[in-house]
Amino acid sequence: MNILELQEEVKKYAATIGIDKIGFTTAAPFHELRNRLVRQQELGFQSGFEEKDINKRTEPALLLDRPESIIAIAIAYPSRMENSVRGKKGERRGIFCRASWGTDYHIVLRERLKLLEEFILARVPTAKLRSMVDTGELADRAVAERAGIGWSGKNCSIITPEFGSYVYLGEMITNIPFAPDEPMEDECGDCTLCLDACPTGALIQGGQLNAQRCIAFLTQTKTSIPEEFRAKIGNRVYGCDTCQTICPKNRKKYNMHQEAFEPEPELVKPILEPMLDLSNRQFREQFGHMAGSWRGKNPIQRNAIIALAHFKEEAAIPKLMEMLLNDQRPVMRGTVAWALGKIGTTASYEAIQAALETEEHADVRLELEKALENWQEETHI
């Protein structure tokens, strides 16, 4: 079959299986990206979730024998929900970022890439193909940018004219020499709204992110969140959308057409306090189909505690007191100590004093002592 004819067929088929954008690029190494990744590594700006071998992230030939091209795909996800729910005193709610609404995007994109593979193999049985989504070795954004899916914005997201930056990305390396598409011109211009709005200053400059300061990263860690970032997290239990919601290119980009990503309001804006009682099994049953569940319940519960402190939710004090005395996880006890200090009632400080009498873990004791010290300074005791 003629390659150009096949390429047109692939494009048409992609649209029928819910792929919103498709582009093609060569399998040449990503030399410029390599330089940026080395610099990020030197600066300590990486999250640690990335593929550690920079060569694999930038050289497709290490991932497939004699590759000729890469197919990039994008699937849009919604930026707002219908029938949203509101929290209230006594029933405060957290929020999962938009990239965790609906079915885990890894599942959805892998399914559609598999259909695309089957379509190509039915026409070219000798084709070699390797697909990946997010957790694969290649850098999704670099592939999408070079394949003309969109441009790489200052907020470190691919921005598309049609869907803004609310798109999931995936790619397929192949030995079929498809014709490459042209990259898009950068349309960010002089705008710096995302840099200015970032709550923690994680966007160092346009296109450069210090992941160690990024709320989206911090909410996924399993250790105690550094104190300087806790108040910035607000009621986020997973991820952060600030640099996207502020972007002018995302105005009126609602992207409500993908049924798989339709949000369930009670899940994406869960009531916080009940989350603290979930067992591992209950957490998986409720949230396991969402992308935000991938790190398990512990980070989400820690973030829920921080969110309750954000609201100064006095109704949660009995539950937090119980956790402070009985929870087996030092990270939770330490976070609770900080949260009770922020809520700042007499009852919360009495709980801190009581816990100090029995707490043996050094890090938790430090959190308790700091909270007590702050209270004493504020009340002039």
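The values are calculated or read from the model by the stated rules, or taken from the named source; none is laboratory data. Worth saying up front: this structure is predicted, and the values here are computed from it rather than measured. Every residue, glycine among them, receives a Cβ derived from its backbone with ideal geometry; neighbour counts consider all protein chains shown.
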The range 115-142 residues that are of a type in the set (Val, Ile, Thr), paired with ones that are at pLDDT 95 or above (beta carbon under 6 Å, 6 or more apart): ILE120/ALA127; VAL133/HIS106; VAL133/LEU109; VAL133/ARG110; VAL133/GLY170
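With surrounded by 20 or more Cβ atoms within 10 Å (Cβ to Cβ), under 24 Å from the mean Cα position of the chain (by Cα), assigned to a helix (DSSP H, G or I) and modelled with pLDDT of 95 or more as the only criterion, which of ALA316, ALA309 stands out?
From the options ALA316, ALA309, the qualifying one is ALA309.
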Count of residues meeting criterion [of a type outside the set (Val, Ile, Thr) and under 17 Å from the mean Cα position of the chain (by Cα)] in the range 171-200: 3
Any hit, the range 226-242, residues being over 18 Å from ALA291 (Cα atoms), of a type in the set (Ser, Thr, Tyr), touching a residue at least 40 places away in the same chain (Cβ under 8 Å) and assigned to a loop (DSSP other than H, G, I, E, B): no
Breaking point among (1) modelled with pLDDT of 95 or more; (2) not in a strand (DSSP E or B), for ARG34: (1)
Residue check, THR345 among the hydroxyl-bearing types (Ser, Thr, Tyr), out of contact with any strand residue (DSSP E or B) (no Cβ under 9 Å at 6 or more places or on another chain), farther than 23 Å from PHE229 by Cα and free of Cβ contacts under 8 Å to residues at least 60 places away in the same chain: no
Some residue of the range 259-271 being farther than 29 Å from ALA74 by Cα and at pLDDT 95 or above: yes
ARG284 being over 16 Å from the mean Cα position of the chain (by Cα), under 27 Å from LEU340 (Cβ atoms), outside the structural domain of ARG329 (by TED's automatic domain parsing) and part of a helix (DSSP H, G or I): no
Output for the range 56-70, where each listed residue is among the polar types (S, T, N, Q) and not in a helix (DSSP H, G or I): SER69
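In the range 139-161, which residue that is part of a loop (DSSP other than H, G, I, E, B), among the hydrophobic types (A, V, I, L, M, F, W, C) and out of contact with any helix residue (DSSP H, G or I) (no Cβ under 6 Å at 6 or more places or on another chain) is modelled with the lowest pLDDT? Please lay out each step first, then the result.
Our first condition is that a residue be part of a loop (DSSP other than H, G, I, E, B); within the range 139-161, this holds for 139, 147-150, 153-157, 161.
Remaining after also requiring among the hydrophobic types (A, V, I, L, M, F, W, C): 139, 147, 149, 156.
Those left that are additionally out of contact with any helix residue (DSSP H, G or I) (no Cβ under 6 Å at 6 or more places or on another chain): 147, 149, 156.
On the way: ALA147: 98, ILE149: 98, CYS156: 95.
In this case the residue turns out to be CYS156.
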Condition check for HIS361: modelled with pLDDT of 95 or more and closer than 30 Å to THR103 by Cβ: no
Some residue of the range 35-51 being of a type outside the set (Gly, Ala, Ser), surrounded by 15 or more Cβ atoms within 10 Å (Cβ to Cβ) and within 30 Å of GLU8 (Cα to Cα): no
